[in-house]
Amino acid sequence: MKRKSSPLLFLPLFFFFLLSLSLSLSLSFFSHSTNQDNHRQARIHSSPMDFILDKADEYVLDSFYRSLPAIPVPDLIAGLAAIPSLADSYSLLTNTTTPPLNTLKTIASNVVSASTAAGLTLNTLENDNLFRQIISLFHITLLGAFLMYFVFASTSYLLVFDQTHTKHPKFLKNQVKLEIQMSVKALPGIAVLTTPWFLGEVRGYSRLYSHIHNVDAIIEKTAAAINPPSSVIQETFAAAIATGTPSLNATALNAAAHATAAAEHAARAAKFGPLGSIVSPFLDGWGYVLVSCLAFLFFTDCGIYWVHRFLHHPRVYKRLHKPHHKWIIPTPYSSHAFHFLDGYLQSVPYHIFVFCVPMQKYIYLGMFGAVNLWSVLIHDGEYKLDSNVINSAAHHAVHHLYFNYNYGQYFTLWDRIGGSYRKPKYEEHFELKSKAETWKKQAKEVDNFDENGKPTAASDDSFKPKPTKKAL
């Protein structure tokens, strides 16, 4: 009998996803704030991608774009500005004197005219042009994805992967080649969908920040006099800078910045009432870096679990996630061997986080690289960690073998909450993992699942859903 998936199953998971988001937003309220206007007026590299794009422009892209033919390109900012607001659009379209189709044609004509009025060409675009940034970021993202995939996966395959797995009856012929081919096809699509997130970071919409300590950010902002001052001390120094007061010097600036930072820190701590003295060390500097890293892991682990479990819904699984489960016995190269929408959806929590929660840009870059490496390591087949807390390679091997368990990314918490946790059997994944009889048993169990990865009547009872108790 076919197992039915109840939509109620996802309600507790969605609740905990919202709980994670609430926690993250609370952290962002009591911590740093980025300065979008500051970034837009002067490139201060508020995100790692901004820094990478700036260096790529300086050393490669500026000369590359200048060498291109004078192909006309649209001014996207002007074109977007020509689009009427929703209220104006509704008013125009409901105007009885003009047919709606004519109105739409007029709006489209205005947008085209506005976007082409400047006469921009591909070889004359400035490095802050929106169209150029989109093109550049796509290629940087794609190149970075290929580099990370091949460096991490190849290193793990050559140095860590247990090669005895290639003898498993469920290991496919030419599997590594097939995994690489699927990954190479998926990464361009993922890069297209990921580019808008990086564009948002570059244009100052994320909450990534540069300085570990708030006082350093205040010094930078006050000395540059770019943003409106946020305190009396900063107003004083902004006025002094504007009038060229001779007494203004680095010592005075430093003292004022420290005083401002201390006042802002005390105000944030006061919001926690009697707990202020306890949380105070974690509201700035390295203490906050630690909190933001923990929040990143908590938020993304919950988000990926929810997305991953959604991808196993029968209506979604065959279209998106089933290609990844072609690899019953995965290798590090299977870490990115999936449908491009599958891979993108599971990456979304990483990007959402830094648009909700302030995080130091290089810490984020390190965490982003680490989670990509982790995705490779949980496919390496080297079962060294027998843990009830960490979602290890052994746990993920259970997921690839038996489909409906261990959806989590780093931890087992959400699988325990969602009732999808299955502990790897010690005798199968650690003590006797390479024994022929163990492999034969696993292969038989896999064959008893249907095309959607659901247990059938022939499956072992441990894979079947537990019968619900009827109310008396």
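Could you say whether any residue in region 214-228 is at pLDDT below 70, in contact with a Lys or Arg (Cβ under 8 Å, 6 or more places away or on another chain) and either surrounded by fewer than 20 Cβ atoms within 10 Å (Cβ to Cβ) or in the same structural domain as Cys356 (by the TED database) (or both)?
Yes, the conditions are met somewhere in region 214-228.
Exactly one of (1) under 14 Å from Ile212 (Cβ atoms); (2) surrounded by fewer than 16 Cβ atoms within 10 Å (Cβ to Cβ); (3) among the aromatic types (Phe, Trp, Tyr) is unmet by Phe282. Its number?
Evaluating Phe282 over (1) under 14 Å from Ile212 (Cβ atoms); (2) surrounded by fewer than 16 Cβ atoms within 10 Å (Cβ to Cβ); (3) among the aromatic types (Phe, Trp, Tyr) leaves (2) as the failure.
Determine the pairs where a residue that is of a type in the set (A, V, I, L, M), located within region 405-433, has a partner that is modelled with pLDDT under 90 and surrounded by 16 or more Cβ atoms within 10 Å (Cβ to Cβ) with Cβ atoms under 7 Å apart, the partner being 6 or more residues away or on another chain.
Pairs found: Ile417/Phe16; Leu432/Thr438.
Can you confirm whether region 81-95 contains a residue that is farther than 30 Å from Leu53 by Cα, surrounded by 15 or more Cβ atoms within 10 Å (Cβ to Cβ), free of Cβ contacts under 8 Å to residues at least 12 places away in the same chain and among the hydrophobic types (A, V, I, L, M, F, W, C)? Show your work before the answer.
Residues of region 81-95 farther than 30 Å from Leu53 by Cα: 84-95.
Add one more test, that the residue is surrounded by 15 or more Cβ atoms within 10 Å (Cβ to Cβ), and what stays is 84, 92-93.
Those left that are additionally free of Cβ contacts under 8 Å to residues at least 12 places away in the same chain: 93.
Imposing the further condition that a residue be among the hydrophobic types (A, V, I, L, M, F, W, C) reduces the set to 93.
Yes, because at least one residue in region 81-95 is farther than 30 Å from Leu53 by Cα, surrounded by 15 or more Cβ atoms within 10 Å (Cβ to Cβ), free of Cβ contacts under 8 Å to residues at least 12 places away in the same chain and among the hydrophobic types (A, V, I, L, M, F, W, C).
What are the pairs with Cβ atoms under 7 angstrom where one residue, in region 138-151, is on the phi < 0 side of the Ramachandran plot and assigned to a helix (DSSP H, G or I) and the other, located anywhere, is open to solvent by less than 30 Å² (accessible area, probe 1.4 Å) and of a type in the set (Phe, Trp, Tyr)? Sequence gap at least six, or different chains.
So the pair list comes out as Thr141/Phe198.
Considering each of Ile135, Ile190 in turn, give the residue that is buried (at least 19 other Cβ atoms within 10 Å of the Cβ) and either within 22 Å of the chain's Cα centre (by Cα) or in a loop (DSSP other than H, G, I, E, B) (or both).
Details: Ile135 fails: buried (at least 19 other Cβ atoms within 10 Å of the Cβ).
That would be Ile190, the only listed residue that is buried (at least 19 other Cβ atoms within 10 Å of the Cβ) and either within 22 Å of the chain's Cα centre (by Cα) or in a loop (DSSP other than H, G, I, E, B) (or both).
Taking Glu201 and the conditions (1) under 15 Å from Asp50 (Cα atoms); (2) touching a Phe, Trp or Tyr at 6+ places or on another chain (Cβ under 8 Å); (3) not β-branched (Val, Ile, Thr), which numbered condition does it fall short on, given that it satisfies the others?
So the condition that Glu201 fails would be (2).
Is there a residue in region 410-432 that is open to solvent by less than 30 Å² (accessible area, probe 1.4 Å), closer than 24 Å to Ile190 by Cβ, in a loop (DSSP other than H, G, I, E, B) and at pLDDT 85 or above?
Within region 410-432 (the criterion being open to solvent by less than 30 Å² (accessible area, probe 1.4 Å), closer than 24 Å to Ile190 by Cβ, in a loop (DSSP other than H, G, I, E, B) and at pLDDT 85 or above), the answer is yes, since at least one residue qualifies.
In region 44-80, what residues are at pLDDT below 85 and hydrophobic (A, V, I, L, M, F, W, C)?
Across region 44-80, the qualifying residues are Ile44, Leu76, Ile77, Ala78, Leu80.
Please note which helices (runs of 4 or more DSSP H) are completely contained in region 53-113 and include at least 1 residues that are more than 22 Å from His139 (Cβ to Cβ) and among the small types (Gly, Ala, Ser).
Qualifying helices (runs of 4 or more DSSP H): 76-81, 86-93.
Could you list, ordered by first residue, the pairs with Cβ atoms under 6 Å in which the first is in region 272-287 and among the polar types (S, T, N, Q) and the second is surrounded by 14 or more Cβ atoms within 10 Å (Cβ to Cβ), at least 6 apart or interchain?
Ser280/Ala269
The values are calculated or read from the model by the stated rules, or taken from the named source; none is laboratory data. All figures in this text were calculated on a predicted structure; none of them were measured in a lab. When we count neighbours, we look across all protein chains shown, and the Cβ atoms used for this are built from the backbone with ideal geometry, even at glycine. Calculation scope for accessible area: heavy atoms of the full protein, side chains included, ligands and nucleic acids excluded. Shrake-Rupley method; radii C 1.70, N 1.55, O 1.52, S 1.80 Å.
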